[in-house]
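To start, the structure under review is shown below, and the notes come after it.
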Amino acid sequence: MSMSLDKQYVDQVRFMLIGFEWEREFVANFRCPLCGDSQKSAKKRRGYFYPDRKENVLRFKCHNCSEQSGWSFQFWLKSFNPAMYQEYQLELFKESGSSPKRTLHNDDNKLVAPRASTTARVGAIKSVRRLPDALSSNFTLIRDLPVEHEARIYMEGRRFPEWAYELFGYVDNYRDLVSALGIGSDLDDDGEFLKKVPNDRRIIIPLLSETMQLMGIQGRAMDKNATLRYATAKTNPDHNKTFGLHRLDRKKPIIVVEGPFDSTFLPNCVATADSNLLKFDGDVYIPDNQYRNRQICEGIEKIIASGKKICLFPPNVLWKDINDMVTKGGMSQGDLLRLVAGNIFQGMKAKLRWADLRKV
Ligand SMILES: [Zn+2]
């Protein structure tokens with residue numbers, strides 16, 4: 001390990017750190033993602049990476065909270081972003097030339113120990129919450145489907161992270177589920193609403209609030225010829241179709257994408273299920289990589305005009321969305337994060353980049 005490898009990895013996660021800036025070659029300043037820095041001031045940046053030249057590593061400290069202060073970057077990365085940490089491990093054994101297995105199994109021994117506070121523990125990553133039983137008892141979780149079930153085969157084909165199988169469900173009859181959950185009943189329209197709900201086999205995408213309240217469900221048709229590929233039923237007509245609120249950590253930058261399935265491949269990511277990504281107030285926006293689609297182009301222009309950060313994929317990325325980058329492009333989560341991190345633009349730079357991409 002070395003400060004320069006640490007620095008290389010800092011550069012790969014910096015897009016997730018608000019207000020990030022290298023102040024000197026090995027000193028970086030940013031808004032502390034652990035304590036959120038300051039509730040009152042959006043400008044305060046009290047998180048730092050600084051060099052420990054004796055151990056040849058970067059260390060972390062925050063002048064607001066003492067959480068993880070003195071941790072080596074590697075330790076810090078392990079809790080901040082486990083996927084990137086795995087990539088870092090791979091890099092380490094490439095460097096050392098030792099066998100991957102041995103290095104990975106003993107990785108904890110190789111970490112440079114925290115120096116200051118030893119009471120801080122790994123565990124800053126908020127775990128994915130399980131669906132409330134009152135909801136999931138109405139359908140079958142993908143996890144519980146037999147391995148040969150078509151919905152399970154379909155989902156596995158999309159190579160979701162393991163935990164996603166506990167967040168999505170399946171029903172034979174979508175209309176029955178909407179009726180059982182009582183969604184739309186407040187419309188009091190003599191069952192007219194329900195009649196329009198497709199009564200077919202669907203994958204269930206639950207839409208939960210940050211406090212795990214049911215805001216609605218979305219059903220993705222299993223039948224390729226279904227007239228409505230995605231059907232949405234909301235508990236309140238005013239709710240947005242946002243997916244992933246229940247796994248958000250407000251202290252960290254929030255990534256916004258369009259597809260609920262796509263959102264599971266990125267950390268702290270929500271999906272608007274709508275090509276107008278600005279419906280959700282996030283930090284980094286990743287529109288689908290379909291720069292010839294008019295709706296998507298309009299969305300991109302709105303995001304750029306809003307001054308928000310946007311990920312614009314380079315022309316050599318051929319896949320239309322994040323899920324395809326994983327399934328067809330064979331990208332790991334680390335590859336994906338690197339790609340996103342390397343292609344974030346804002347303001348004038350975003351305008352210029354977009355103008356270039358539109359010429360391709
Ligand atoms: Zn802090």
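One residue stands out in segment 43-68 among those that are within 9 Å of the ligand (Cβ to nearest atom) and touching a Pro at 6+ places or on another chain (Cβ under 8 Å): the one that is farthest from E23 (Cα to Cα), namely Q68. Checking the condition more than 27 Å from L336 (Cβ to Cβ), among the basic types (K, R) and modelled with pLDDT under 85, which residue from K61, K40 passes? From the options K61, K40, the qualifying one is K40.
Going by the structure shown, is G184 buried (at least 19 other Cβ atoms within 10 Å of the Cβ), farther than 21 Å from V326 by Cβ and modelled with pLDDT of 90 or more?
Details: buried (at least 19 other Cβ atoms within 10 Å of the Cβ): yes; farther than 21 Å from V326 by Cβ: yes; modelled with pLDDT of 90 or more: no.
No: the conditions fail for G184.
Restricted to segment 158-174, and to residues that are in a helix (DSSP H, G or I) and either in contact with a helix residue (DSSP H, G or I) (Cβ under 6 Å, 6 or more places away or on another chain) or modelled with pLDDT under 90 (or both), which residue is farthest from T235 (Cα to Cα)?
As a first pass, look at segment 158-174 and keep what is in a helix (DSSP H, G or I): 162-166, 174.
Narrowing further to those that are either in contact with a helix residue (DSSP H, G or I) (Cβ under 6 Å, 6 or more places away or on another chain) or modelled with pLDDT under 90 (or both): 162-166.
Numbers: E162: 28, W163: 25, A164: 23, Y165: 23, E166: 22 Å.
That would be E162.
When every residue of segment 266-287 is checked against the conditions, at least one turns out to be of a type outside the set (A, V, I, L, M, F, W, C), in contact (Cβ under 8 Å) with a residue 24 or more places away in the chain and under 23 Å from Y88 (Cα atoms).
Give the residue that is surrounded by the fewest Cβ atoms within 10 Å (Cβ to Cβ), with candidates limited to residues of segment 81-96 that are in contact (Cβ under 8 Å) with a residue 40 or more places away in the chain and either of a type outside the set (A, V, I, L, M, F, W, C) or part of a loop (DSSP other than H, G, I, E, B) (or both). Top of the filtered list is E95.
Do we find that F75 is in a helix (DSSP H, G or I), modelled with pLDDT of 80 or more, closer than 27 Å to N29 by Cβ and within 16 Å of the ligand (Cβ to nearest atom) in this structure? Criteria met by F75.
Scanning segment 208-261 for residues that are in contact with a His (Cβ under 8 Å, 6 or more places away or on another chain) and among the small types (G, A, S) yields S209, G216. Kindly indicate the residue of segment 78-120 that is within 16 Å of the ligand (Cβ to nearest atom) and of a type in the set (S, T, Y) and also modelled with the lowest pLDDT among those meeting that condition. That would be T119. For segment 1-29, a tally of residues being touching a strand residue (DSSP E or B) at 6+ places or on another chain (Cβ under 6 Å) and more than 13 Å from V57 (Cα to Cα) returns 9. Scan segment 43-62 for residues that are surrounded by fewer than 15 Cβ atoms within 10 Å (Cβ to Cβ) and farther than 26 Å from S2 by Cβ and the total you get is 1.
Considering only residues in segment 128-152 that are loosely packed, with under 14 Cβ neighbours inside 10 Å and more than 23 Å from the chain's Cα centre (by Cα), the one that is farthest from K328 (Cα to Cα) turns out to be A134. Go through segment 29-42 residue by residue and tally those that are hydrophobic (A, V, I, L, M, F, W, C), surrounded by fewer than 18 Cβ atoms within 10 Å (Cβ to Cβ) and more than 8 Å from the ligand (Cβ to nearest atom). Qualifying residue count for the region: 1. Would a scan of segment 190-209 turn up a residue that is outside the structural domain of R159 (by TED's automatic domain parsing) and under 24 Å from S179 (Cβ atoms)? No, there is no match, as no residue in segment 190-209 is outside the structural domain of R159 (by TED's automatic domain parsing) and under 24 Å from S179 (Cβ atoms). Selection of strands (runs of 3 or more DSSP E) fully inside segment 184-248 by the criterion of at least 3 residues being in contact with a Pro (Cβ under 8 Å, 6 or more places away or on another chain) and not basic (K, R) returns 214-221.
Residue pairs whose Cβ atoms lie under 8 Å apart, sitting 6 or more positions apart in sequence or on different chains, and linking a residue in segment 341-360 that is within 27 Å of A83 (Cα to Cα) to a partner that is among the small types (G, A, S), are Q346/G307. In the set K44, K54, K40, K78, only one residue is farther than 23 Å from L248 by Cβ and without any contact (Cβ under 8 Å) to a residue 60 or more places away in the chain; that residue is K54.
The values are calculated or read from the model by the stated rules, or taken from the named source; none is laboratory data. This structure is a prediction, so every number in the text was calculated from the model and none was measured. All Cβ positions, glycine included, derive from the backbone under ideal geometry; neighbour counts span all protein chains shown.
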